[in-house]
Structures are given as C-alpha cells and as structure tokens.
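The structure under discussion appears below in the form of structure tokens.
The values are calculated or read from the model by the stated rules, or taken from the named source; none is laboratory data. Nothing here was measured: the structure is a model prediction, and the numbers come from that model. Here the Cβ positions follow ideal geometry from the backbone for every residue, glycine too, while neighbour counts run over all protein chains shown. In case anyone asks, the SASA skips ligands and DNA or RNA and just uses the protein heavy atoms, side chains included. Shrake-Rupley method; radii C 1.70, N 1.55, O 1.52, S 1.80 Å.
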Amino acid sequence: MTERTQIERSRRPAPGAIPKVQLPSFERFRLDNGLNVLSIQHDDMPEISARLVLSVGSVEDGRDRAGTALLVARALTEGTSERSASQVAEWLDYLGARFTLDVNHDATTLSLHFLSRVLDGALDFLAEILTKPEFASKEVERLRDERLDEIARGLDEPRIIASLFFNEASFGEHPYGMRTGGIESTVREIDRDVLHGFHQRYYSPDGATLIMVGDLPEVHELRARVGKALAGWVGKPVSGAPLEDPASATERRLWAVPWAGPQSEIRVGGLGIARSDPDYFAVSVMNAILGGLFSSRINMNLREDKGWTYGASSRFDARRRRGPFYAATAVDAKASVAAVREIVTEMERMKIDPATDEEVELAVNALTLSLPRLFETPRQVTGRVVQQVTYDLPDDYWETFAENVRAVSKSDVQRVSKRLLDTDRSAIVVVGPVSDFRSELEKLAKVDLRDIRGNPAEQ
C-alpha cells in the first residue's frame with residue numbers, strides 16, 4: 001500500500017519564483033504623415049491585433065458639448081463617403097475582423113483584430129473610416145438617440161449615478177468632472193457639424209500611434225504596406241491649452257441623492273495621482289491593502305466583520321493629470337452612515353496603523369504573480385502597450401513592473417497613505433433613502449441634496 005503524502009496545512013505555501021514578462025523589442029517607425037508605428041512580432045497564431053491611439057479624449061469636448069468625442073468615434077463606422085453604414089458593416093464582416101473603440105478622458109483608441117492574411121484589407125478599412133467618415137445627419141441622429149437612451153437607462157442604476165456624481169463632486173468644473181458620454185442637455189446639442197468639426201480638429205496622424213502585434217511581415221515590408229494604406233491621412237491636430245491638474249477640495253463635500261430602496265450606493269474618496277507619478281507603484285500596493293483585494297481592510301471590515309455588504313473595494317484611476325481615488329460599496333440602507341464612517345476610519349487607519357509584512361506580501365504577489373498571463377495573446381499585448389503610449393511610459397515598463405512593485409516597502413505604503421488619504425477634504429456620495437438618515441449624514445458634512453440628474457434638489 002502506497003504511503004500517503006503528508007501535507008502541511010498550518011502554513012501558507014511559499015510562493016514560487018517571480019514570473020518575468022519578456023516582450024520582444026518594439027520595432028518603431030514614423031510615416032511621412034507623422035503617424036508613429038510600434039510593432040511586435042507574436043506569431044503563435046495567424047492573427048494580428050492593431051490599436052490606433054489618438055491623444056484626444058473627452059476633455060476636448062467642452063462642457064456644453066460633453067459626449068462629442070464618444071459620438072465621433074462611434075460614427076466612424078456609420079458610413080463613409082465611399083460606403084453606406086450597411087456597406088461598412090458588410091466590409092467588416094467580409095474581412096472577418098472585429099472593430100471596437102474606447103474613449104476616456106485622456107485618449108481615444110480604435111481597435112481592429114483580424115487574421116494576418118487580410119492585413120492589407122484591414123489597413124484599407126482603417127484608412128477609410130479615419131479619412132472619409134460621412135457623419136450623415138440620419139446616422140448622427142440615430143447615434144445621438146441611442147446615446148440618450150443609454151443615459152436614461154443609467155438613471156435607473158444607483159451604482160452608475162453614484163459613480164458619475166462622485167467625479168462631479170470631486171472635480172467640480174475641471175474637465176475630469178465631465179461625463180465621458182455627456183448628459184442629456186449636452187448630447188441633444190450634438191449634430192453633424194459638431195462631429196465633423198471635432199474630427200477635423202483632432203483626428204490627425206501627427207502624434208497618433210498605431211500599435212500592431214501578431215503575425216506581422218518583416219518591418220520594412222510592414223512599413224511599406226502601412227504607409228501605402230494610410231498615406232492619405234494627413235493633417236496636424238489643433239493644440240489647445242494644456243490640461244491643468246484639478247484643484248484639491250478645501251473641505252469635505254457630501255452629495256446625497258434620494259432613492260427609494262433597501263440599499264444605498266456609497267462612494268468616498270477624492271483626488272488621487274497622475275499616471276506619471278513616481279509614487280505609482282507604492283500607491284498600487286497601498287490601495288491593494290486598503291481596498292483593492294478581497295482580503296483588503298475595507299472589505300474585511302464592511303463585509304466579513306459587519307455583514308453590511310457583499311463587497312467593498314477601492315481604486316486609484318491614474319490619468320494624465322491627477323485622477324480620482326474612491327472606495328465603493330452598496331450596503332443595507334440602515335447601515336449607510338455607519339458604512340461611510342467605517343470607510344473613513346479605514347482610510348485614516350492606513351496612515352497611523354502601518355501595513356504588516358503579510359499585507360504587503362499579499363498585495364505585491366497579487367500585483368505581480370499573474371502578470372505574464374496578461375501578455376499571452378496579441379490582443380492582450382496591444383492592450384498593455386496602449387497604456388505605455390497613452391501615458392508616455394518607458395519601453396521596459398512591463399518588464400520592470402514586478403521589480404518596481406517588489407521594491408515598495410511598508411514605510412512607502414504609510415508615506416503615500418499620509419500624502420493622499422485626506423478624509424477632511426474628501427468627496428462623499430450616497431444614493432439611497434437619505435430622508436431616513438439625513439440627520440446622521442449632517443454630522444459628517446453639510447449635505448448637498450441632488451436629484452438623479454445632478455441638479456440641486458429641495459433641501
């Protein structure tokens with residue numbers, strides 16, 4: 001009879017060797033029209049992932065036309081001067097390609113994923129939607145109506161309302177306080193001329209970057225084929241005033257949105273960091289301990305100890321300028337005010353109760369050990385390189401990521417906690433049956449009552 005192996009269960013198994021991310025070197029070239037191209041050979045499968053990064057986002061919308069950048073990107077495939085919207089869709093189907101887009105405050109990314117044998121066709125498709133969008137009034141009206149429907153549906157979701165209002169309470173008039181997709185009043189004012197003008201001003205190859213990863217030809221051949229397809233894309237973007245850092249709040253702000261129901265959605269936070277901040281890695285570890293992991297302090301407090309919620313988390317959304325930091329949860333309405341107090345308490349505790357060796361180890365391992373799995377496919381690789389391009393990160397950023405995270409010490413965690421977790425100048429948003437606990441909310445800060453559209457409500 002085989003002797004049964006004894007397993008030691010009283011101690012956590014030691015982690016394995018630190019995995020390394022080793023990307024091939026970028027091949028770089030610049031076309032005559034100013035377009036930068038980064039390519040990485042990844043030929044395990046006959047596929048290519050291409051992402052075009054334009055350094056134009058919703059901050060260029062203007063407050064009275066918020067939602068423009070998003071609608072411009074959506075309209076690109078809704079008809080060109082050569083093809084109708086249905087013909088563009090048929091062309092995409094014929095290529096067997098998948099087109100997606102992402103518009104945030106800082107950038108617009110257009111993505112194409114296709115088999116390598118249709119490379120030239122995919123490049124021609126990209127060139128046509130970039131240089132010849134029709135912005136037909138009928139299609140623009142349809143896209144506008146669809147966006148208005150999305151906004152209306154969002155008003156039925158307390159979690160969406162809480163997140164949107166948190167940005168507005170945190171950033172005020174700064175462009176980061178605008179909603180990427182706009183609001184009803186701004187979207188209704190967007191017509192064909194607005195989209196066409198935005199496209200003319202900002203959709204330029206000069207300063208844009210095309211990232212290509214997959215089964216690619218040799219770089220000299222790739223340059224010739226990309227150059228041929230995109231030679232007709234010309235122009236320089238209109239440069240506006242540089243985006244300034246948002247101003248820090250001078251006091252605690254509390255927005256309360258009446259919403260009948262058994263739960264309250266809660267957001268607590270304020271200004272975080274820019275993506276280029278030298279403390280980025282220390283902040284990442286600190287946030288993992290505070291609310292970024294299931295085992296984090298906030299989640300253990302509100303979920304495991306108090307039983308008020310299914311989950312509570314925190315996040316730093318680092319942007320070109322200082323982005324938001326917030327803790328988020330949905331709790332039993334009766335525990336709304338107590339939950340806010342506990343979140344604030346945990347933020348304060350991060351500054352005075354140093355992280356333990358175990359907390360730092362768990363955070364570091366969570367941020368690093370699964371990293372290689374995020375680079376297995378061309379699509380995953382281009383998604384990571386987009387971050388490097390958008391935020392001007394160094395070429396070896398991902399190769400050195402684990403090393404930089406593991407260099408974070410307990411004192412670093414406490415230092416950035418003291419620097420950033422300023423609860424006296426935080427923003428708090430509560431969406432729930434606030435009339436049931438308003439008097440208690442008033443003890444936290446002056447209550448600014450809002451309706452679901454963000455307008456001041458009757459006090």
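Based on what the data block shows, is GLN87 farther than 21 Å from ARG379 by Cβ, surrounded by fewer than 15 Cβ atoms within 10 Å (Cβ to Cβ) and not hydrophobic (A, V, I, L, M, F, W, C)?
Numbers: farther than 21 Å from ARG379 by Cβ: yes; surrounded by fewer than 15 Cβ atoms within 10 Å (Cβ to Cβ): yes; not hydrophobic (A, V, I, L, M, F, W, C): yes.
Considered against the rule, which asks whether it is farther than 21 Å from ARG379 by Cβ, surrounded by fewer than 15 Cβ atoms within 10 Å (Cβ to Cβ) and not hydrophobic (A, V, I, L, M, F, W, C), GLN87 comes out as yes.
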- The one condition ALA224 fails out of (1) surrounded by 15 or more Cβ atoms within 10 Å (Cβ to Cβ); (2) modelled with pLDDT of 95 or more is (1)
- Query: Among the residues of region 398-445, how many are under 16 Å from PRO324 (Cα atoms) and open to solvent by less than 40 Å² (accessible area, probe 1.4 Å)?
  - Reply: 9
- Cβ pairs under 6 Å, 6+ apart or interchain, first in region 445-458 and part of a loop (DSSP other than H, G, I, E, B), second open to solvent by 50 Å² or more (accessible area, probe 1.4 Å), ordered by first then second residue, are ALA445/ARG252; ALA457/ASP451
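Would region 92-104 turn up any residue that is in contact with a strand residue (DSSP E or B) (Cβ under 7 Å, 6 or more places away or on another chain), open to solvent by less than 70 Å² (accessible area, probe 1.4 Å), modelled with pLDDT of 95 or more and not hydrophobic (A, V, I, L, M, F, W, C)?
yes
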- Note on the structure: Condition set at pLDDT 95 or above and more than 30 Å from PRO158 (Cβ to Cβ), scope region 227-257, selection surrounded by the fewest Cβ atoms within 10 Å (Cβ to Cβ): answer is LYS228
- Please state which of the following conditions LEU155 fails to meet, knowing it meets all the rest: (1) in contact (Cβ under 8 Å) with a residue 24 or more places away in the chain; (2) within 28 Å of the chain's Cα centre (by Cα); (3) open to solvent by less than 60 Å² (accessible area, probe 1.4 Å); (4) more than 30 Å from ALA249 (Cβ to Cβ). (4)
- Message: Among the numbered criteria (1) in a strand (DSSP E or B); (2) of a type outside the set (Ser, Thr, Tyr); (3) farther than 15 Å from LEU123 by Cα, which one does LEU210 miss?
- Response: (3)
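Here is a yes/no grid of residues against (1) more than 29 Å from ALA260 (Cα to Cα); (2) without any contact (Cβ under 8 Å) to a residue 12 or more places away in the chain; (3) among the β-branched types (Val, Ile, Thr); (4) not in a strand (DSSP E or B):
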| position | (1), (2), (3), (4) |
| --- | --- |
| ILE298 | no, no, yes, yes |
| ARG321 | yes, no, no, yes |
| VAL344 | no, no, yes, yes |
| GLU348 | yes, no, no, yes |
| LEU367 | yes, no, no, yes |
| ARG373 | yes, yes, no, yes |
- Message: Any residue at all in region 448-455 that's surrounded by 13 or more Cβ atoms within 10 Å (Cβ to Cβ) and either closer than 23 Å to MET350 by Cα or in contact with a Lys or Arg (Cβ under 6 Å, 6 or more places away or on another chain) (or both)?
- Response: no
- Query: When region 128-142 is examined, which residues are found to be in a helix (DSSP H, G or I) and open to solvent by 10 Å² or more (accessible area, probe 1.4 Å)?
  - Reply: GLU128, THR131, SER137, LYS138, GLU139, GLU141, ARG142
